[in-house]
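Since the structure comes first, as structure tokens, the remarks are kept for the end.
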Amino acid sequence: MANQTSDFRTCPTTGLKVHLPAQTLIRINAVTAVVYILIGGILALLVALTRWPAVHLLPADLFYRALTAHGVTMLIFWVIFFEIAGLYFGSAVLLSTRLVGIVFGWVAYLMMLAGSLMTEYTILIGQADVMFSAYPPLKAHPLFYLGLILFAVGALIGCILFFATVIMAKAEGKYSGSLSLVSFGLAIAAIIAVVTIAGGAAILIPTFLWSVGLLSHIDAPTYRLVFWLFGHSSQQINVSAMVSIWYLLAALTVGAKPVSEVFSRTAFLFYAFFINVASAHHLMVDPALTTPWKIWNTGYVFHLAVVASMMHALAIPASIEVAQRKKGYVHGLFEWLKKCPWENPGFSAMVLSFCGFGLLGGITGVVFGTEQIAIVTHNTWRITGHFHTTVVLGTTTAFMGLTYYVIPLIFQREVMMPKLAMIQPWMFAIGVAIFSIAMIAAGGYGVPRRHWDITFAGAPYGFEFSPTVFLLMSVMGLGAIMAVLGGAIYCLVTVGSVFFGKKIS
Amino acid sequence: MAFNLPERVWWKPMHTEEKVWIVLCVIFGLTTFFFMPVWHMIGHQNPPSETYKLLPSQFADKVNTFVDQYAVKEASGEVKTDKGTPIVHPPGGSDIYLMGKQWIWYPILELEKGKTYRLHLSTIDVEHGLSIYPLNMNFMALPDYDYVLTITPGEAGEFPILCNEFCGIGHHKMVGKIIVKE
Ligand code: HEM
Ligand SMILES: [Cu+2]
Ligand SMILES: [Cu+2]
């Protein structure tokens, strides 16, 4: 019986009952995620050092290959493996119940692993130099698309297991009433994921058929529209997961309790309802779309999702303040803030992720996505800078912070090298902030994204960027080195602790 | 805590602070939304949406006819070129063509300051991104679609045009230009 009590252990810290087969699945997904961020980080360094004109490391073909691999590895494989681990954690562990369909969990994992290896291999051998967006008529080897499809189906199974576990736990009387806020937020992420993966299937399957010659034509603007339904909504999975992790980390680090459940849950619901149209802001300067369509999609519904983020932006600091004041830090306006556990990497990662995502990512996103402003931002480095403040400074930093709790709670090991772990989120986040801001500034001068040589040597005519641009590119390079070092420490501490950390019994 | 089950009845009314914040956020959202169409009406530069469907071969034919018709000629009668790309001087007010192909922008357009043109933008192979410097204005060129940009050059000079959508290994060499005469 899958339900035998011997399948469970009780966590000494949280009192949660941990389903051991689920724990193994969480471990393997999390470890795979870390392997991918390691690979993606090495690629990031190669790409950044090539774009730094004074270094210009890789030749053109390798640069475009490394860039394709960096985008796919980080945006898809690192993030989604970690999220699947998070979904199992948010259902089975947080509800102290069993994960339904362990076998399917393994099937999902193996499909994702096989799919990701297939895609990486195709990129590595030079058969898919098309960037992660892979706009047809640029064509990659069929295995590139097939790998992504396999990966997506695996992830979809993971989401289904999450829902099945939640429903089964209720049926078995493991909990009554409503889900916890964190699980609720993760459920929203999983719902968006299902929609997103459907979008991904709608576009990747025809593209795969086209790549093997079974379809003769893929309409370019249709591909772009549906691709970004998939590509942008998947960022909303990240946002919902990240915000859930903020609530979780606030609870774990300072014991914060949601100030108002209604308020926070409403904000999560807004994500589910209003986010999917946001793909429009990738298409502002495309032909084939009408102006009213562009305005409606970026304007109205888009901003309700922004309202949702602004609501979380009130709820989370408020809950931390309330928790701190309850502990007696009531002097002056800011004693509670000063007395926060800043040396705890879980806490600092949450705050850095929160501030970086909101102040840099959110604001640049809302501004750059407007109809007219897109004329000067589209495909420039402003965009690359923007999404490194959201999905890297925001999501990735939050995931890193959670890792410092996953290690003791799920891997039952102590975090090694605590001094290094303490500075890690700061180094990573500040490095990312520096290189992203430099990218955004350089993009303001028109520096294009995905471009090997902005000195245009070998081109028939040239364009000379101002010296400021070259200064900014150097700042980008230095920030990138700092961020990569921060990422390397993360991998070192994580892998070290998981394999060699002191066992917690 | 946020990861524990909520109290049995968690749907209690919100506090005043939260209500006020929601109102402020919604006002913000509505204001920004309100200005989306408003900017479109009172602003002077909007991304156009005029688009026609046509095959790449049809677009290439139009471009070739256009080049034959308006090519600038040397004294010898030969078509004037710059690094192999013909220079074309269409009259103000006309329909003009710019074609992306791996990895050149074709042809070189010579325009007159203050005149208005209908620029037809497309590509005959993969997607390209038209990026005009140093203004930094960006528009997509997609195969099978003729994207019409109505433009009025306000300044004389040479304007390099880059490609800013990845279009293959020669992407970074895809530089063309638009010349604007007084
Ligand atoms: C140490 C951290 C990182 C550094 C230094 C870094 C640096 C860069 C650089 C220099 C580019 C190339 C920009 C261009 O040429 O247009 C890039 C692209 C990109 N990065 Fe990162 N990155 C980092 C981490 C991440 C992470 C964690 C993610 C995702 C979760 C990510 C997602 C992407 C994506 C999606 C692209 C765009 C690829 C494309 O244009 O096709 N990066 N990054
Ligand atoms: Cu191009
Ligand atoms: Cu290009």
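The values are calculated or read from the model by the stated rules, or taken from the named source; none is laboratory data. Owing to the predicted nature of the structure, the values given are computational and were not obtained by experimental measurement. Backbone-built Cβ (ideal geometry, glycine too); neighbour counts: all protein chains shown. Side chains included, ligands, DNA and RNA excluded: accessible areas come from the protein's heavy atoms. Shrake-Rupley method; radii C 1.70, N 1.55, O 1.52, S 1.80 Å.
Overview of results
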{"read-out": "Phi to ³J(HN,Hα) by Karplus 6.51 cos²θ - 1.76 cosθ + 1.60 over the range A:163-172, Hz, x for Gly, Pro", "value": "4, 4, 5, 5, 5, 5, 4, 5, 4, 7"}
{"read-out": "Taking the range B:51-181 and dividing mean pair separation by its residue count, relative contact order in percent (alpha carbons under 8 Å, at least six apart)", "value": "26"}
{"read-out": "Average accessible surface area per residue within the protein assembly as shown, 1.4 Å rolling probe, Å²", "value": "38"}
{"read-out": "Candidate lysines - alpha carbon under 18 Å from A:LYS338, same-chain residues fewer than 8 apart omitted", "value": "A:LYS326, A:LYS327"}
{"read-out": "Acute angle (nearest 10 degrees) that the helix A:102-124 long axis makes with the longest principal axis of chain A, alpha-carbon atoms", "value": "20"}
{"read-out": "Exposure of A:ARG27 as accessible area (Å², to 10), given a probe of 1.4 Å and all protein chains", "value": "70"}
{"read-out": "Carbon + sulfur, % of accessible area of the protein assembly as shown - ligands and nucleic acids excluded, 1.4 Å", "value": "70"}
{"read-out": "Antiparallel %, DSSP beta bridges [both residues in the protein assembly as shown], to 5", "value": "70"}
{"read-out": "In order through the range A:399-407: 3J(HN,Hα) via Karplus (6.51 cos²θ - 1.76 cosθ + 1.60), integer Hz, x for Gly, Pro", "value": "4, 4, x, 5, 3, 5, 9, 5, 4"}
{"read-out": "Whole-angstrom gap from the range A:217-233 to the range B:125-181, using each part's C-alpha centre", "value": "22"}
{"read-out": "Occluded residues from the range A:247-275, i.e. those whose accessible area drops by 30 Å² or more once the chain is not alone (1.4 Å probe)", "value": "A:ALA251, A:LYS257, A:VAL259, A:SER260, A:GLU261, A:VAL262, A:PHE263, A:ARG265"}
{"read-out": "Once exposed loop trypsin sites (Lys or Arg not before Pro) are cut out (DSSP; at most 13 other Cβ, 10 Å), longest piece of chain B", "value": "B:84-182"}
{"read-out": "Shielding score for A:281-291, defined as the mean number of other chain Cβ atoms within 10 Å", "value": "6"}
{"read-out": "Rounded tilt (10° steps) of A:60-71 against the dominant C-alpha axis of chain A", "value": "30"}
{"read-out": "Per principal axis, descending, Cα span of the range A:369-422 in whole Å", "value": "52, 20, 12"}
{"read-out": "Most to least packed among A:260-270, B:89-99, A:434-444, A:226-236 [average Cβ atoms within 10 Å]", "value": "A:434-444, A:226-236, A:260-270, B:89-99"}
{"read-out": "Area of A:LEU209 that stays accessible when all protein chains are in place (1.4 Å probe, Å², to 10)", "value": "60"}
{"read-out": "Length-normalised contact order of chain A in % [C-alpha pairs under 8 Å, at least 6 apart]", "value": "14"}
{"read-out": "The range B:51-181 - charge dipole about Cα centre, Lys and Arg +1 at Cβ, Asp and Glu -1, debye rounded to 20", "value": "180"}
{"read-out": "For the protein assembly as shown, with +1 on Lys and Arg beta carbons and -1 on Asp and Glu, the positive-most of A:VAL239, B:GLN69, A:LEU138 along the dipole", "value": "A:VAL239"}
{"read-out": "Convex hull of the range B:51-181 built on C-alpha atoms - directionally averaged projected area, nm²", "value": "7.4"}
{"read-out": "Links that overshoot a 30 Å alpha carbon limit, given the list A:LYS294/B:LYS173; A:LYS170/B:LYS12; A:LYS170/A:LYS503", "value": "A:LYS294/B:LYS173; A:LYS170/A:LYS503"}
{"read-out": "Solvent exposure, largest accessible area first (probe 1.4 Å, DNA, RNA and ligands not counted), of B:HIS15, A:HIS281", "value": "B:HIS15, A:HIS281"}
{"read-out": "Charge-dipole axis of the protein assembly as shown as Lys and Arg at +1 and Asp and Glu at -1 on Cβ define it, positive-most pick from B:PHE139, A:ALA92, A:ALA488", "value": "A:ALA92"}
{"read-out": "At most 14 other Cβ within 10 Å, DSSP loop - chymotrypsin sites (Phe, Trp or Tyr not before Pro), the range A:333-415", "value": "A:PHE334, A:TRP342"}
{"read-out": "Cα-based convex hull volume of the protein assembly as shown per residue, rounded to whole Å³", "value": "159"}
{"read-out": "Principal-axis tilt of helix B:16-42 within chain B, Cα atoms, nearest 10 degrees", "value": "20"}
{"read-out": "Cross-link partners of A:LYS502 among lysines (Cα-Cα below 28 Å; sequence separation of 8 or more within a chain)", "value": "A:LYS17, A:LYS419"}
{"read-out": "Fraction of antiparallel bridges per DSSP, the range B:51-181 only, in percent to nearest 5", "value": "70"}
{"read-out": "Interface size A-B, as summed buried accessible area [1.4 Å probe, Å², nearest 100]", "value": "6500"}
{"read-out": "Paramagnetic label zone (point 7 Å from Cα along Cα-to-C-beta, A:LEU124; backbone N under 14 Å) in the range A:59-92", "value": "A:66, A:69-70, A:73"}
{"read-out": "Å³ per residue enclosed by the Cα convex hull of the range A:14-85", "value": "82"}
